[in-house]
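Peer 1: Right, I'll just put the structure down here and ask away after.
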Amino acid sequence: MFARVAVALALSASIAHAQARPRKVFISVDMEGISGVVQPAQLGPDGFEYQRAREWMTGEVNAAIAGIRDSGPAEIVVCDSHGNGQSLLIDKVPEDVRIVRGFPRPLEMMQGIDETFSAAVFIGYHASEWTANAVRGHTISSARLLGVRLNGAEVSEGIYNAALAGQFGVPVALISGDRLAVTQLQHVAPSAEGAIVKEPYGYHSANTVTPARGQAMIREGAARAMAKLGSLQPYRLTTPVALEVGF
Ligand SMILES: [Zn+2]
């Protein structure tokens, strides 16, 4: 069952072009798409490997930060967006980075974004609900929602969050996750760089790179992404936006 509501999102006419903005990058990090993560064992405080997975997640965020800063200084905000919103090991992140923690918050996985950012980066992302064979594929809540559509099209969290960033004129520069998470996002953000750290076999299994290799891929991807900052286009929905949520 889909409840259909029309949502009018106000578009600010004064939004500056991304290329005129300072080097300020918003990183939204989830956990299902981190290298090595395939099961609840890694995804929550009760899992035997959650503490290790937090280290892998933090390593991938730090790799993205390093790749962004390979070409010069940049202001960074990291939005800790998995589970309780407190998975990132914040004492292992560079001290000049700001971190958004805890739920609830109005913009969920994108809390803290605004029109001053020049790019968004998605780390550890997964594919949408109904994506066959994707590792941990779901949209927002696997327990409560049976999918989310924007303007009639099924969206992943990556696409939903790209649209949210687009409302502020912010393009997505890089996404990491399994192959399906990356290719779904690139349908709406074709110039976004991708770091594919897992080949999915199903909801609970994948062929994954090691955390070290995943971090290297993400650092390289972030550096490539920053090189094309001026040419990236925000993903903008036509308004009014139709939001459909399945229960
Ligand atoms: Zn998620």
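The values are calculated or read from the model by the stated rules, or taken from the named source; none is laboratory data. What you see is a predicted model, and the numbers here were worked out from it, not measured in a lab. With ideal geometry, Cβ positions are generated from the backbone for all residues, glycine too; neighbour counts draw on all protein chains shown.
Peer 1: What do you reckon, is residue 135 in contact with a strand residue (DSSP E or B) (Cβ under 8 Å, 6 or more places away or on another chain), part of a loop (DSSP other than H, G, I, E, B) and more than 21 Å from residue 40 (Cβ to Cβ)? Walk me through how you get there before you give the answer.
Peer 2: Numbers: in contact with a strand residue (DSSP E or B) (Cβ under 8 Å, 6 or more places away or on another chain): yes; part of a loop (DSSP other than H, G, I, E, B): yes; more than 21 Å from residue 40 (Cβ to Cβ): no.
Judged against the criteria, residue 135 is not a match.
Peer 1: Quick check on my filter: what residues within the range 138-185 are among the hydroxyl-bearing types (Ser, Thr, Tyr) and either farther than 22 Å from residue 206 by Cβ or assigned to a helix (DSSP H, G or I) (or both)?
Peer 2: 160, 183
Peer 1: Additional query: Of 63, 20, which residue is surrounded by 24 or more Cβ atoms within 10 Å (Cβ to Cβ), out of contact with any strand residue (DSSP E or B) (no Cβ under 6 Å at 6 or more places or on another chain) and closer than 22 Å to residue 113 by Cα?
Peer 2: It is 63.
Peer 1: Now for a separate question. Quick one: in the range 193-211, of everything that is touching a helix residue (DSSP H, G or I) at 6+ places or on another chain (Cβ under 9 Å) and free of Cβ contacts under 8 Å to residues at least 60 places away in the same chain, which residue is surrounded by the most Cβ atoms within 10 Å (Cβ to Cβ)?
Peer 2: 195
Peer 1: Name, by its number, the condition in (1) away from the ligand (no atom under 16 Å from the Cβ); (2) among the aliphatic types (A, V, I, L, M); (3) out of contact with any helix residue (DSSP H, G or I) (no Cβ under 8 Å at 6 or more places or on another chain) that does not hold for residue 89.
Peer 2: Of (1) away from the ligand (no atom under 16 Å from the Cβ); (2) among the aliphatic types (A, V, I, L, M); (3) out of contact with any helix residue (DSSP H, G or I) (no Cβ under 8 Å at 6 or more places or on another chain), only one is false for residue 89: (3).
Peer 1: Exactly one of these conditions fails for residue 168: (1) within 14 Å of the ligand (Cβ to nearest atom); (2) out of contact with any Leu (no Cβ under 6 Å at 6 or more places or on another chain). Give me its number.
Peer 2: Result: residue 168 passes all but (1).
Peer 1: Quickly run through the range 128-159 and pick out the residues that are more than 17 Å from residue 247 (Cβ to Cβ), without any contact (Cβ under 8 Å) to a residue 60 or more places away in the chain, within 14 Å of the ligand (Cβ to nearest atom) and of a type outside the set (Val, Ile, Thr).
Peer 2: Listed by number, the residues that qualify are 156, 158.
Peer 1: If I go through the range 26-42 residue by residue, how many of them are assigned to a strand (DSSP E or B) and either away from the ligand (no atom under 15 Å from the Cβ) or farther than 14 Å from residue 125 by Cβ (or both)?
Peer 2: Total satisfying the criteria: 1.
Peer 1: Also: Can you report the number of residues in the range 212-247 which are out of contact with any helix residue (DSSP H, G or I) (no Cβ under 9 Å at 6 or more places or on another chain) and small (Gly, Ala, Ser)?
Peer 2: 3
Peer 1: Residue 22 versus (1) assigned to a loop (DSSP other than H, G, I, E, B); (2) at pLDDT 95 or above: which is the lone unmet condition?
Peer 2: Result: residue 22 fails condition (2) only.
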